1. If residue 24 meets every condition in (1) out of contact with any helix residue (DSSP H, G or I) (no Cβ under 7 Å at 6 or more places or on another chain); (2) not in a helix (DSSP H, G or I) apart from one, which number is that one?
2. I need the full set of residues from region 62-105 which are surrounded by 11 or more Cβ atoms within 10 Å (Cβ to Cβ) and at pLDDT below 70, in order please.
3. Sort through 59, 110, 46 and tell me the only one that's modelled with pLDDT under 90, part of a helix (DSSP H, G or I) and either in contact with a helix residue (DSSP H, G or I) (Cβ under 7 Å, 6 or more places away or on another chain) or not assigned by TED's automatic domain parsing to the domain that holds residue 22 (or both).
């Protein structure tokens, strides 16, 4: 027995002429707010506000960014601006500034001091096979931990 698979499920139905329900609500809402502003605000100010509101409601109704409705972008922007942010890492350069030395001898001395001070810091390397490096480091760490646990 064959079943009919629904097609085009992402396309909304046109309910109000050429508009979908969402488009109609956005445009009607913008028109309603524009009418209220026209009635209660002086004409010059009202024109500016009406242009802004109708542009925004038109963008909500018709504009798509990366094939997603504009309302998704607005929602993401609100979440970004009003949500608390967690900064995991912030790089602070703590190396002495070598370029501020007055003579070449002082610059060389400052460079040598910096090299001694930062000699123990592990600098990540770039290799052809990161998977091989990861497996090797896991094997080494595993053998180190197993040696400690046996003692």
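1. (2)
2. 96, 98, 101
3. Criteria check complete, one pass: 110.
The values are calculated or read from the model by the stated rules, or taken from the named source; none is laboratory data. Keep in mind the model is a prediction, meaning the values are calculated, not measured. No Cβ is skipped: glycine too gets one built from the backbone with ideal geometry, and neighbour counts run over all protein chains shown.
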